[in-house]
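Taking it in order: structure first as structure tokens, then the write-up.
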Amino acid sequence: MGKKIRIFSYSVFLLLTTLESSFASSLSQSNSNQGIEHSISRNLKEDQSQVPEVHCSRERSRAAWKVIEEYLMPFLEREKYQLSSKCRLHPSNDIFRDQEENKIHVDINEWRCGYCKKIFRAEKYLDQHFDNRHLNLLNVSGSKCLADVCGALHCDLVMDTQSRKTKCNPAAAAKNRHLCEDLADSCFPINQGPQATRLHELFLRQFCDAHTCSGGRKPFSRGGRKHTSIFYLAISILILMFLPIFYLIVYLYQREMRTGGQQLKRISKPGRKPKPS
Ligand SMILES: [Zn+2]
């Protein structure tokens with residue numbers, strides 16, 4: 001009996017010591033984890049303090065770039081004209097250009113970060129990720145904010161803004177027209193040959209003429225990049241699919257008519273002359 005008690009108390013002692021040692025090790029591990037987390041957060045804070053503050057709208061910069069790509073680039077390509085970096089429309093003057101080019105749109109609900117390959121459900125989450133994780137990769141060295149030329153470029157027309165201003169403000173229109181003409185002068189100086197002169201003229205018609213409250217003139221009057229619409233593609237595929245079916249129906253109908261007519265003839269052959277009514 002005494003031996004049994006001794007064995008029992010010994011096993012309880014063993015159990016307690018194992019529990020104690022595992023508790024101590026987990027405690028020390030959590031302490032070291034806290035240490036790592038602490039040092040990470042400190043490093044992050046140090047990194048963030050090195051990143052300059054950005055006061056430039058990513059969304060509006062993106063809209064401005066969309067307008068440039070859609071309604072200006074096709075004409076530059078046609079003229080084989082190179083924008084000078086002094087021109088505010090030059091890609092190097094868009095602080096978000098590098099980040100925007102590192103956006104990979106894999107699928108409708110899949111956006112990948114080109115820097116760290118992380119995947120997001122929507123573009124806005126990738127934008128947030130860029131702001132939180134890759135702010136140090138912004139091209140802020142002497143760059144200007146592309147969103148600042150939005151007034152001249154009619155960015156609102158390519159943004160999904162529900163509440164568009166319906167009332168025209170003459171002062172704002174005049175200011176935007178001035179900014180627009182400044183862009184034309186600095187990007188396409190008329191003393192730099194026939195290409196620049198032609199593009200200067202085009203820029204005024206395409207963007208600046210519409211900055212007026214007298215109405216009548218519309219922006220992007222010279223057109224933009226041509227897109228093959230998905231809608232037209234779908235319609236053509238549907239027509240191509242239904243055309244054989246349509247012909248088959250017509251063929252079957254005509255065959256039916258022909259055989260029906262022959263049967264009628266066969267029936268009416270031995271018949272008598274119709275009674276005169
Ligand atoms: Zn990333």
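The values are calculated or read from the model by the stated rules, or taken from the named source; none is laboratory data. Quick caveat, the model's predicted, so the values are computed rather than measured. No Cβ is skipped: glycine too gets one built from the backbone with ideal geometry, and neighbour counts run over all protein chains shown.
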Could you please let me know if V106 is among the hydrophobic types (A, V, I, L, M, F, W, C), within 16 Å of the ligand (Cβ to nearest atom) and either in contact with a Lys or Arg (Cβ under 9 Å, 6 or more places away or on another chain) or closer than 27 Å to M73 by Cα (or both)? yes
Residue in the range 77-97 that is within 29 Å of Q206 (Cα to Cα), surrounded by 15 or more Cβ atoms within 10 Å (Cβ to Cβ) and within 15 Å of the ligand (Cβ to nearest atom) present: yes
Do the conditions hold for T212, that is, is it at pLDDT 90 or above and either in the same structural domain as P74 (by TED's automatic domain parsing) or not aromatic (F, W, Y) (or both)? yes
Taking helices (runs of 4 or more DSSP H) that fall entirely within the range 110-218, which contain at least 2 residues that are within 16 Å of the ligand (Cβ to nearest atom)? 123-133
Taking the range 191-243 and keeping residues at positive phi and either surrounded by 13 or more Cβ atoms within 10 Å (Cβ to Cβ) or of a type in the set (A, V, I, L, M) (or both) leaves F220
Of everything in the range 144-158 that's surrounded by fewer than 19 Cβ atoms within 10 Å (Cβ to Cβ) and either at pLDDT 95 or above or more than 18 Å from S221 (Cα to Cα) (or both), which residue is nearest to the chain's Cα centre (by Cα)? D148
